[in-house]
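Peer 1: To start, I am sharing the structure in question, which I have written as structure tokens.
Every read-out reported here was derived from the displayed coordinates using simple, explicitly stated rules and does not represent laboratory data. These numbers were taken from a predicted model, which means no experiment stands behind them. Here the Cβ is made from the backbone with ideal geometry for all residues, glycine too, and neighbour counts use every protein chain on show.
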Amino acid sequence: MEMHLTAEPFVSLIAGILIFVMPHLLNYIVATYLILIGLLGLF
């Protein structure tokens, strides 16, 4: 049984928690999330 983990669910979970805890950082969290998902998709 091979287990394959991807980073996208973990990144989105962390981003969601940060938005819930610190909503004033929403723009930065969303921008960072989009950049990370884009980079993970490229590599």
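Peer 1: List pairs: first residue in the range 16-38 and surrounded by 11 or more Cβ atoms within 10 Å (Cβ to Cβ), second residue not in a helix (DSSP H, G or I) anywhere in the structure, Cβ distance under 9 angstrom, at least six positions apart or on different chains.
Peer 2: Ile29/Met22; Leu36/Ala7; Ile37/Ala7
Peer 1: Of everything in the range 5-15 that's part of a helix (DSSP H, G or I) and of a type outside the set (Phe, Trp, Tyr), which residue is surrounded by the most Cβ atoms within 10 Å (Cβ to Cβ)?
Peer 2: Ala15
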